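This report refers to the structure that appears directly beneath it.
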Amino acid sequence: MSTASTVKDRVDPAEVSEEIAEARERYPLEFLAVLNPSYEARGRVRRGFYEGCLSMPGYTGVVNRPLELDATYIDLTGSRRRLALSGWQARIFQHETDHLAGTVYVDKLEPRSLATSTNYTNRWADPVPTKAAKELGFHLD
């Protein structure tokens, strides 16, 4: 990633509240193109948040993922890169890299958390799914 980027170079197509952005470490991201990505968790801290996927529209579920990771990939110039990622960017990198291995978020979600998008919006749309975890009986880390 270029250190010379500005906020206008970064995008998040979804509108999220400041409270949600802070809880999920969801900040606008710089464009990142990668080839042959892989990742390894950095540390043991994990966080569970609701995830969805364009491959399965209309559903969402809590996936516990490493909060921080070391990503490796080849950039568009053919150079091998290593990048430390955390928060939302780490979650996105894991989610998209998993697709390349034939894994989708439903393969990793807390089964009791699976909900339609409407049910999620009406019952579980908190910054952190603590209420859902307590009421449905699953763990967030």
message: Taking the condition of being out of contact with any Asp or Glu (no Cβ under 9 Å at 6 or more places or on another chain) and more than 14 Å from A133 (Cβ to Cβ), how many residues in segment 42-61 meet it?
response: 10
query: With respect to F93, is the statement that it is open to solvent by less than 60 Å² (accessible area, probe 1.4 Å) and under 16 Å from the mean Cα position of the chain (by Cα) true?
result: yes
- request: State whether the residues of segment 109-126 include one that is open to solvent by 90 Å² or more (accessible area, probe 1.4 Å), among the acidic types (D, E) and either in contact with a strand residue (DSSP E or B) (Cβ under 8 Å, 6 or more places away or on another chain) or free of Cβ contacts under 8 Å to residues at least 60 places away in the same chain (or both).
  value: no
field: Wholly within segment 26-141, strands (runs of 3 or more DSSP E) carrying at least 2 residues that are of a type in the set (A, V, I, L, M) and farther than 22 Å from V16 by Cα
entry: 35-41, 68-74, 80-86
statement: Taking segment 101-132 and keeping only residues that are more than 18 Å from P66 (Cα to Cα), modelled with pLDDT of 95 or more and aliphatic (A, V, I, L, M), one is left with L114, A115, A132
- request: Give me the pairs, please: first residue somewhere in segment 16-37 and more than 12 Å from I92 (Cβ to Cβ) and without any contact (Cβ under 8 Å) to a residue 12 or more places away in the chain, second residue anywhere and open to solvent by less than 80 Å² (accessible area, probe 1.4 Å) and of a type outside the set (A, V, I, L, M), beta-carbon distance under 7 Å, and either six or more positions apart or on two chains.
  value: V16/R26
query: When residues of segment 12-52 are filtered for being modelled with pLDDT under 80 and open to solvent by 100 Å² or more (accessible area, probe 1.4 Å), how many remain?
result: 3
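The values are calculated or read from the model by the stated rules, or taken from the named source; none is laboratory data. Quantities reported herein were computed from a predicted structural model and do not represent experimental measurements. Virtual Cβ from ideal backbone geometry, glycine too; neighbours counted across all protein chains shown. Calculation scope for accessible area: heavy atoms of the full protein, side chains included, ligands and nucleic acids excluded. Shrake-Rupley method; radii C 1.70, N 1.55, O 1.52, S 1.80 Å.
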